[in-house]
Amino acid sequence: MCGIIGIYSNSNVNKKLFYGLNSLQHRGQESCGITVSNGESLKREKGMGLVIDVFNENRLNVLEGNLGIGHVRYSTAGGSHDYNTQPLMAFARGIEMSLAHNGNLINHQILRTRLEEDGIMFQTGIDTEVILFLIARYYKGDIVDAVKKTMGIIKGAYSIVLLLKDKLIAFRDPMGIRPLVLGQTESGDVIFSSENAPIEIIGAQVKRDILPGEIVVVDENGIKSHFIEGAKKPKHCIFEYVYFARNDATLDKVNSYNFRRRCGELLSIEAPCDVDLVVPVPDSGIPSAIGYSQEAKIPFAEGLVKNRYMGRTFIKPTQEEREMAVALKLNPLRHVIEGKRIVLLDDSIVRGTTSANLIKRMRESGAKEVHLRITSPPVEYPCYYGIDTPSRINLIAANNSVEEIREKIGADSLAFLSMDGLQRATLIRDDRFCKACFNGNYPVDPIVI
């Protein structure tokens, strides 16, 4: 999972991109980068680490231009290396291009092999480079035509911002699996972003979501929208609302906070628990715990103190780092939970690392009972569209029953939200969401891998 942003403005965009990427930092902490255009040429700065650490005043000052794109990354393919940091750059018929991508292609290895057989030498290990090379190959003066031809070949999930010296292009896969939002300021700035927070922080208004299969071009002539042929039924990733998106994110008409709160309410009805306190695993677990507490009429309490300077534990690249990150990130509040029966609310169990560690430490801090309620169904299947669960062997729910999971993580009881409850929490009747990680129904067949 990554975060992308693109801005077309009448003024310098370097600071706006910087602020925007900071508000997308939760979507990836391994690396980040910015490319800008001054109308004549592109300039890029990127590096490993957090946005605030990579971009000091000196690096930002060299990025002068009125349009640009940015990216924050955690690796789902290609590994955590400097050469995989985005945005990427390429040349086609004397034209510079730079591209940032959120998602994952399921046929990138096939396409990569074919391009290598044609003599292409790749400089990275990521699927983003395949997308950029295809656009460069098909570009013959019409960037929309090049993007359409590329979209006709690549398969999977992708939301992309593409920068030319005088144009900003944004496009989204035909099912809209990964989010992409459009915003504008009163002065005419146009912003594309993975979530609405950067748009609002910059001072713009959210206008709408980029539609599945849509290509939006912004240049001196304004904004123009194009679509690829063969529209498909939307399949927005529901795990965005469960875990990845910020609480203030509204993506494809679903607000993350309200969704999570409703999940908690529904779970309290499906799996009640006789306890003294409802305690969230912050941050995404807070709205769910509020909902559970209000519906069950059990007091809500902050029983875990979060280190705000730590990244997200699920998206750390190795298991050892994830385990250490849990200990550093969340610490039980003994004076709140000691002698109490606790129901812990969390958004999901993927590998089980966080849950087992937290339950053990809460017991060591004096909790009398620790029950766990998960506000999503069991994650039983790998995601091929940009979430780092490539094999079922890494998924605790794929290989264990609910009771076996309970025993492994050491909880007094364990329950998950039902699939029906998950759908009801969206307040949308028709099933326009990808739930492949829960039910194995993949909207784009991964067999082409």
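The values are calculated or read from the model by the stated rules, or taken from the named source; none is laboratory data. Bear in mind the structure is a predicted one, so any value in this text is a computation, not a measurement. Cβ coordinates were reconstructed from backbone atoms using ideal geometry, including for glycine residues, and neighbour counts include every protein chain displayed.
A few remarks follow.
So that you can scan it fast, the table gives a plain yes or no per residue for (1) under 21 Å from GLY410 (Cα atoms); (2) at pLDDT 95 or above; (3) assigned by TED's automatic domain parsing to the domain that holds ASP420:
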| position | (1), (2), (3) |
| --- | --- |
| ARG261 | no, yes, yes |
| ASP276 | yes, yes, yes |
| LYS297 | no, yes, yes |
| MET310 | no, no, yes |
| ILE315 | no, no, yes |
| THR318 | no, no, yes |
| ILE337 | yes, yes, yes |
| LEU344 | yes, yes, yes |
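- Residues satisfying the stated conditions in the stretch 199-223, i.e. among the acidic types (Asp, Glu), assigned to a strand (DSSP E or B) and surrounded by fewer than 17 Cβ atoms within 10 Å (Cβ to Cβ): ASP219
- Failed condition for PHE416, given (1) modelled with pLDDT under 95; (2) in contact with a strand residue (DSSP E or B) (Cβ under 9 Å, 6 or more places away or on another chain); (3) of a type outside the set (A, V, I, L, M): (1)
- Selection status of PRO179, under 24 Å from LEU164 (Cβ atoms) and either buried (at least 21 other Cβ atoms within 10 Å of the Cβ) or modelled with pLDDT under 95 (or both): yes
- Verdict on LEU168 being crowded, with 23+ Cβ neighbours inside 10 Å, in contact (Cβ under 8 Å) with a residue 60 or more places away in the chain, farther than 26 Å from GLN25 by Cα and touching a Phe, Trp or Tyr at 6+ places or on another chain (Cβ under 8 Å): no
- Answer residue from the stretch 364-373, given it is without any contact (Cβ under 8 Å) to a residue 60 or more places away in the chain and closer than 10 Å to ALA411 by Cα and is surrounded by the fewest Cβ atoms within 10 Å (Cβ to Cβ) among those: LEU372
- For the stretch 231-250, the criterion of a residue being more than 27 Å from PRO280 (Cβ to Cβ), crowded, with 20+ Cβ neighbours inside 10 Å, touching a strand residue (DSSP E or B) at 6+ places or on another chain (Cβ under 7 Å) and of a type outside the set (Val, Ile, Thr) is satisfied by at least one position.
- In the stretch 1-113, counting only helices (runs of 4 or more DSSP H) that sit wholly within it, the ones holding 2 or more residues that are under 18 Å from PRO179 (Cα atoms) and under 16 Å from the mean Cα position of the chain (by Cα) span 14-22.
For every residue, the table says whether it meets (1) in the same structural domain as ASP127 (by TED's automatic domain parsing); (2) modelled with pLDDT of 95 or more; (3) in contact with a Leu (Cβ under 7 Å, 6 or more places away or on another chain); (4) part of a loop (DSSP other than H, G, I, E, B).
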| position | (1), (2), (3), (4) |
| --- | --- |
| THR354 | no, no, no, no |
| ARG363 | no, yes, no, no |
| PRO378 | no, yes, no, yes |
| GLU403 | no, yes, no, no |
| ARG406 | no, yes, yes, no |
| LEU427 | no, yes, no, yes |
| PHE438 | no, yes, no, no |
| VAL444 | no, no, no, yes |
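- Residue-level check: of (1) touching a Lys or Arg at 6+ places or on another chain (Cβ under 7 Å); (2) farther than 24 Å from ARG246 by Cα, LEU345 misses just (2).
- Within the stretch 224-255, restricting attention to residues that are among the charged types (D, E, K, R) and part of a loop (DSSP other than H, G, I, E, B), the residue that is modelled with the lowest pLDDT is LYS232.
- Residues of the stretch 258-303 that turn out to be under 13 Å from LEU372 (Cβ atoms) and not small (Gly, Ala, Ser), as a count: 8
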